[in-house]
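The values are calculated or read from the model by the stated rules, or taken from the named source; none is laboratory data. What you are looking at is a predicted structure, and each value in this text was computed from that prediction instead of being measured. Cβ sites come from the backbone with ideal geometry, for glycine too, and all protein chains shown count toward neighbours. Areas reflect the complete protein model, heavy atoms only, side chains present, ligands, DNA and RNA absent. Shrake-Rupley method; radii C 1.70, N 1.55, O 1.52, S 1.80 Å.
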Amino acid sequence: MKIKHHHRIYVTMLNRVKESFSFNIVLPVLFISILLVSCKNEINVNPADTGTKLAITIDGIEEQIDGSLDKNASTSIRSNLSPVTENVKPTIVDFGDFYAEVSMGKDHGANSNGSTASKLSAVGVGNLNNINPVATKSPLVKDVKYRVILYPDATGTSAAISSTIGVAGSPLSIPVEKGKSYYWIAYSFNDNNEPQEPTNGKIASDQRDLIHAAGFTGVIPGVEGDGQDVTVPVKITFAHKLHRITIEINASTYPGTFTALSGRLGSANYFRGGALDLKTGGFASAPSTLSTTTIDFKEINASVRRAYYYTAPATSIPSMDVNIIGLAINTTAGLTGFTNRTFTFTPVQTSEGYNYTAKIELKPKIDIKKLKILEVGVYAYYKIFSEAESKKAVGVRTGHANSGLYAAMFNQNNFGPNGKVITTSYDDWSVTSRDVGSGGLDDLNSAGYKLLLVSYDYRPTTSDVTAIRGFVAAGGRVLYYGENLEDSPGEKSLVSFYSGSDTHSTGSKSNGILSNGGANDVYWRLGNATNNTILNGSFGIGANQNIYDDANAGHSLLNANLSMIDVLGRDADFTDNIVFFKSKTSNFYWLSDGGFTVYNPGWTQASQSVGNTSYPFLLDANKRPIISSFGNSVWASTKVANSVIMMNLIEKWLKEVQ
C-alpha cells in the first residue's frame, strides 16, 4: 500500500496538531489516519485551509433539445402541444372497446425522479440526423449529492489531492493554495446518494443518471502566507453521460387509473453500462448491467407508470420488445385491460444526453354519434348535409360535392378505426340539417344536441337568439359562420353579447387578390390565424396560418372587448379588426365567412385553380385536410389552413362529449 502525500501539507498538519495536543500522542494517530485515507480513496490529504478556497456553485445540467431543423428533413419536430405528423403516426393496437397508441418519442430534460421538463413529438428515427441540437439547462434538484475531485496541476496528470462531497442547494468551498492551477472534475448519479470514489480515475455506470463536468481553475491569485483570504468562484454545469429510455404506460387520456400492471423486457441486453474516464469524459463500453428483465414500474400518478433505463451512448438498440404480462385499469365504463401482449419499439441510435420515451398510451374508442349536431343555413354546400340528405339512412347519405365538412368528416382517413382520430365508425355522424334562413331552432335545447353549426345566410330571430344563448349557457357548442352583420339584427345581437361589439367593416378586401388576367379569377385572404393553440390538433398546425374567404364576402369586427374573447383570427388588411373569435367564458365561436368550408373535389394538389370560383377548404386526394397553396401560381407560396383548423375543432368537440 502506497502512502500519497505532499511533505509540506503533512508538516503543516503536524504543526496545527501541535498547537492543541501533545505531539507524542497525536503523531501515531495522524499516521494511521493518513494511511487509511490513502488506501481507501487513493486521494492525497486535502490542502490546509489557509483562507484560500474554491467556491462551488451548480449552474444546472445541460440538456440537449431539438432546435433548428434541417429544411430538407421529411419530418418536423414540434412541441408537445403539436400533433404527431403523418410520417410518425403511432402504431395502433386494438383491444376492442379501447386501443393503444404505441410510439418511440424523443424527449429531454430528465431530473432524478424521471419527470421531463419538456417533450417533443414522436419522430422517425431516420430523421434524427437532420436536427441541430440546442442546449438548455435544468436545475440540479435540491439535496442531490455530487463529488468534486481536485488535481494540483493544469493538465490533471498528477494524483488527486482532494475529494469533496457537495449537496445541491447548499454552499460548498474547497481549500486550495495560492499560486497553483487546479484541474477539477465533478460527477453525480443525480440522486441523494453519495457517489463513490473513482477506481483508477474511472467510475462505473449503472441504472442511474450519471452526470459529469470538468474544468480548470486557472492560477489561484496571491502568494501563500500573504495573509489575504481569496475566494475563487467555480461554476459547474453538468452533462448527462448516459442515454435514457423511459418505458411509459399512460392511461390519463382514457381516462383510467391503474389497478394492476406488470411487465418484462424482451432481453437483458438492450441497455449497456461502461466505465467513465472522469478526466477525459470518455466511455469504455462494457457488457449489459441488467440482472433481470422484470420491469420496475414507478407510480407517477394514478394514471401513469414509468420505468427508467440508462445505457452507454456508444451502443444502439436494433429493436426493443416490452411484454405487458398483466394490465388492468379502472375507467368510467368499468374495469378493463389485457394480458401477455408484446409491444415492439422502433430502433434507436443512442447519443449522449438524449432521451427517448417508449410509450403505450391507452385511449377509448370515440363514438362519433355522441357529437349530435344541428346545422341551419340556406345553401347545402356550405354545410355537412342538406335537409333531405340528413334524413337518409346511414351509408346512404352522400352530401354535397362542395361540402368540405362532409368530405372530411365522412372519410376513413380522418375518422374511423384507422383514421387520424380513432373512432368506432366513420359514417354514422348524428347530424340534423335544416335548409332555413331563420326559425329552425325550436328543439335546440330539448333534443340532446352537442354542437350547433349556424351556416351561410342564416338570420336569427329574437327567439333564435334566446335559444342559442340558452344552449351555450348550458354547455353547448356553437360555431356561427356567417356574414350578415350589416343586415341581421339577430347576428349583431349575438356577436355583441359575446364580444362587446357589433361594429363591423364591409366592402371588398384588397389584401390577397390573385389574378391571371381573367376578370373573375380572384381569391381573398380573410385573415391571419393567431397563435392560439386551440387551432392545433391531430390534423396539423392551424395557429399562425392564413385563413381564406370565399367570394370576398367576409366581414371583420371592430372595437371588440378583448377581455371577453380569445382572438383566433385577425383581418388580413386591418390587424386591429377580428374575423374569428371564441368567447372566453363559453363555447361560442364566430367566424366571419359563411363560405369558410366550401370545397372543390378537383383541387387535390397545390396551386390548382378552377377559374372564377373560390373554394378555400383544402383537402388532398385522400380527402385529408392540408395546408397548401390556394389559387393560381401568382400567389403559389400562400398557404391556407381552413380545413386543418375546422377539423381540429371538430376533433376537440368530439373528444369533449365522450
From (1) modelled with pLDDT of 90 or more; (2) under 29 Å from the mean Cα position of the chain (by Cα), pick out the condition that doesn't hold for Thr350. (1)
Any residue in the range 199-220 that is more than 11 Å from Asp277 (Cβ to Cβ) sitting within a Cβ distance under 6 Å of a residue that is modelled with pLDDT of 95 or more and open to solvent by 50 Å² or more (accessible area, probe 1.4 Å)? List the pairs, counting only those 6 or more apart or interchain. none
Taking the range 135-153 and keeping residues more than 27 Å from the chain's Cα centre (by Cα) and not charged (D, E, K, R) leaves Tyr146, Val148, Ile149, Leu150, Tyr151, Pro152
In the range 273-317, which residue that is within 16 Å of Asn355 (Cα to Cα) and not in a strand (DSSP E or B) is modelled with the highest pLDDT? Ala312
Exactly one of (1) touching a Lys or Arg at 6+ places or on another chain (Cβ under 6 Å); (2) crowded, with 20+ Cβ neighbours inside 10 Å is unmet by Met320. Its number? (1)
Which one is nearest to the chain's Cα centre (by Cα) among residues in the range 269-289 that are buried (at least 17 other Cβ atoms within 10 Å of the Cβ) and hydrophobic (A, V, I, L, M, F, W, C)? Phe271
Take the residues in the range 389-406 that are surrounded by fewer than 16 Cβ atoms within 10 Å (Cβ to Cβ) and touching a residue at least 12 places away in the same chain (Cβ under 8 Å); name whichever of them is nearest to Ser592 (Cα to Cα). Ala401
Scanning the range 515-529 for residues that are open to solvent by less than 20 Å² (accessible area, probe 1.4 Å) and under 29 Å from Asn413 (Cβ atoms), which turns out modelled with the lowest pLDDT? Tyr523
Filter the range 563-619 down to the residues that are out of contact with any strand residue (DSSP E or B) (no Cβ under 9 Å at 6 or more places or on another chain) and modelled with pLDDT of 95 or more and list them by number. Ser563, Thr585
Identity of the residue in the range 424-459, under 27 Å from Lys363 (Cβ atoms) and surrounded by fewer than 20 Cβ atoms within 10 Å (Cβ to Cβ), that ends up nearest to the chain's Cα centre (by Cα): Thr424
Among the residues of the range 542-567, write down those that are under 18 Å from Leu526 (Cβ atoms), within 30 Å of the chain's Cα centre (by Cα) and in contact (Cβ under 8 Å) with a residue 40 or more places away in the chain. Gly542, Gln545, Asn546, Ile547, Tyr548, Ile565
Look at the range 343-383 and say how many of its residues are over 30 Å from Leu210 (Cβ atoms) and either out of contact with any Ser or Thr (no Cβ under 6 Å at 6 or more places or on another chain) or open to solvent by 20 Å² or more (accessible area, probe 1.4 Å) (or both). 15
Only residues that are open to solvent by 10 Å² or more (accessible area, probe 1.4 Å), under 40 Å from the mean Cα position of the chain (by Cα) and among the acidic types (Asp, Glu): list them for the range 460-501, please. Glu483
Could you please tell me which pairs satisfy a Cβ distance under 8 Å, a separation of 6+ or placement on different chains, a first residue in the range 461-489 that is assigned to a loop (DSSP other than H, G, I, E, B), and a second residue that is crowded, with 22+ Cβ neighbours inside 10 Å and among the β-branched types (Val, Ile, Thr)? Gly482/Val454; Leu485/Val495
